[in-house]
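K.L.:
My questions will all concern the structure given below.
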Amino acid sequence: MIRSVVLGITERSITKKLVTDTPIGRSVARRFVTGESLDSAVAATESLNASGMAVSLDHLGEHVTNLEEARKAKQSYIACLKAIQRSGLDANISIKLTQLGLGLDDDVAASHVDEIASAASKVETTVTIDMEESAYTEATISIYEEAQRVHGNLGIAIQAYLRRSAADLDRIVPLGGHIRLCKGAYVEPEDIAYQSREDVDASFDRLAGILMTCPDTTPAIATHDDARIAPILEMASVREGPWEFQMLYGVRRDRQRELAALGHDVRVYVPYGDAWYPYLTRRLAERPANVAFFARALVGG
Ligand SMILES: Cc1cc2nc3c(=O)[nH]c(=O)nc-3n(C[C@H](O)[C@H](O)[C@H](O)COP(=O)(O)OP(=O)(O)OC[C@H]3O[C@@H](n4cnc5c(N)ncnc54)[C@H](O)[C@@H]3O)c2cc1C
């Protein structure tokens, strides 16, 4: 409910202008985004790596409006992969398919994924495909299946709020890639998505149980919610094979460090780039306290 209200307000162009054109808007964004340049992301990654955590780098952007922008996004990911190699980072990349042309020309998006996966394989790293709005779920999974069969170095995000996700796991687990389980960050209708916090949490726990007991995949448990983390810690003691926690840059930093200090693999999702507005709005919508903090900052309180 709160999410749809916040996202409804932030979609208005006047709100966007207020946030992106003011120093205060940019400074709030800096909590969740390293900065606009690749260098800022490299510096943040070095610091997280030094604290014993791996990173997934996200060059922000989504819903491009023409194929030239999609081509540029692909190039930016290839530049990012080169930086990972050059700086010896413990990092992979996360990509959004609507940034690579999904919805405009799905074949072009698929061919960009193919090129990016190939470049990632040369620098011996992996690619995670983020999951976006439900209009793109099916196409995203299909592109993932094809690319993973060819390259074998991809993973994909699955959203616990979608009713279809258990069936999607049956489909993608046999492909052997890593699977990031998250709750889901968009506003989706009742017929395809659980609406209440309890139902989403129950779905998350169910899917996490499937992943953590499945030897054919590498689960990436992407949550900051202690009630979701607790059963994972129990399952971890009997799990055979790799798995990791994933958390967002700027969210629950202490918990990230604590889990790493306990000896768990932790990967921090690190976004950078100038197209930070939609990403910021999702982070604000996740937590009412963020909106209050932002509103106070805007009015100078
Ligand atoms: C690594 C990673 C990758 C993700 N990839 C995707 C994706 O591909 N597709 C997708 O739809 N969603 C993605 N998400 C977002 C996810 O779906 C949730 O919207 C988000 O993680 C909040 O859910 P939560 O599990 O942390 O639980 P919540 O119950 O929302 O949060 C638990 C606690 O964490 C803290 N917290 C959570 N979010 C924030 C915040 N924004 N600001 C401050 N504190 C916060 C608060 O203390 C809160 O009480 C990703 C999340 C992570 C961690």
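Each reported figure results from applying straightforward, stated rules to the coordinates on display, with no laboratory input. Because the structure is predicted, anything quoted here is derived from the model rather than measured. Positions of Cβ are generated from backbone atoms using ideal geometry, with glycine treated the same way; all protein chains shown enter the neighbour counts.
K.L.:
Give me the number: length gained by fully extending Val150 to Ala292, i.e. 0.36 nm times residue separation minus the C-alpha to C-alpha distance, one decimal in nm.
P.N.:
Length gained between Val150 and Ala292: 46.5 nm.
K.L.:
Expressed in nm to one decimal, what extension gain is obtained for the pair Asp205 and Thr22 from 0.36 nm per residue of sequence separation less their Cα-Cα distance?
P.N.:
61.9 nm
K.L.:
Still on this structure, please answer the following. Show the residues, 5+ positions off or on another chain, whose built amide H is closer than 5 Å to the amide H of Asp58.
P.N.:
Ser94, Val270, Tyr272
K.L.:
From the cross-link list Lys17/Lys183; Lys74/Lys96; Lys17/Lys74; Lys74/Lys183, which pairs have alpha carbons spaced over 19 Å apart?
P.N.:
Lys17/Lys183; Lys17/Lys74; Lys74/Lys183
K.L.:
Okay, moving on. Roughly how many whole Å is it from the C-alpha centroid of the range 194-269 to that of the range 136-151?
P.N.:
Taking the Cα centre of each part, the range 194-269 and the range 136-151 sit 23 Å apart.
K.L.:
For the range 170-185, in order, what is each residue's ³J(HN,Hα) by Karplus, 6.51 cos²θ - 1.76 cosθ + 1.60 with θ = phi - 60°, in whole Hz (x at glycine and Pro)?
P.N.:
Running phi through 6.51 cos²θ - 1.76 cosθ + 1.60 with θ = phi - 60° gives 3, 6, 9, 3, x, 7, x, x, 7, 10, 8, 9, 10, 6, x, 10 Hz.
K.L.:
Rounded, prolate or oblate: pick one for the range 148-301, where a ≥ b ≥ c are the square roots of the eigenvalues of its C-alpha gyration tensor, a/c under 1.5 means rounded, and failing that, prolate if a/b is larger than b/c, else oblate.
P.N.:
Because a/c hits 1.5 or more and a/b exceeds b/c, the range 148-301 counts as prolate.
K.L.:
What GluC sites (Glu not before Pro) does the range 119-149 have in DSSP loop regions with at most 13 other beta carbons within 10 Å?
P.N.:
When the GluC sites (Glu not before Pro) of the range 119-149 are filtered for loop state and at most 13 Cβ neighbours within 10 Å, Glu124 remain.
K.L.:
Still on this structure, I have one more. Take the alpha carbon gyration tensor of the chain, find the square roots of its eigenvalues, order them as a ≥ b ≥ c, and report rounded if a/c is under 1.5; if not, report prolate when a/b exceeds b/c, else oblate.
P.N.:
rounded
K.L.:
Provide the FRET efficiency to the nearest 0.05 for the Ile192-Asp107 pair, computing r from the beta carbons and using R0 = 41 Å.
P.N.:
Here the calculated transfer efficiency is 0.95.
K.L.:
Any chance you could run the full-extension gain for Arg257 through Arg282? It's 0.36 nm times the residue separation minus the Cα-Cα distance, nm to one decimal.
P.N.:
6.6 nm
K.L.:
Would you grab the residues whose amide H sits under 5 Å from the one on Arg163? Only those 5+ places off in sequence or on another chain, please, with H modelled 1.01 Å from N.
P.N.:
Ala193, Tyr194
K.L.:
Shifting gears a bit: Put +1 on the Cβ of every Lys and Arg and -1 on every Asp and Glu Cβ in the chain; which of Gly177, Phe204, Leu280 then has its Cα farthest towards the positive end of the dipole?
P.N.:
So the residue furthest toward the plus end is Leu280.
K.L.:
Around Asp265, what is the net charge, scoring Lys/Arg as +1 and Asp/Glu as -1 over all other residues with Cβ under 12 Å from its Cβ?
P.N.:
Result for the local shell: 0.
K.L.:
I need the phi-derived Karplus couplings for the range 37-50: 6.51 cos²θ - 1.76 cosθ + 1.60, θ = phi - 60°, integer Hz, Gly and Pro marked x.
P.N.:
9, 4, 4, 5, 6, 4, 4, 5, 5, 4, 5, 5, 4, 5
K.L.:
So, in nm, how far is label Val238 from label Ala167 when the simple model puts each one 7 Å beyond its Cα toward the Cβ?
P.N.:
3.0
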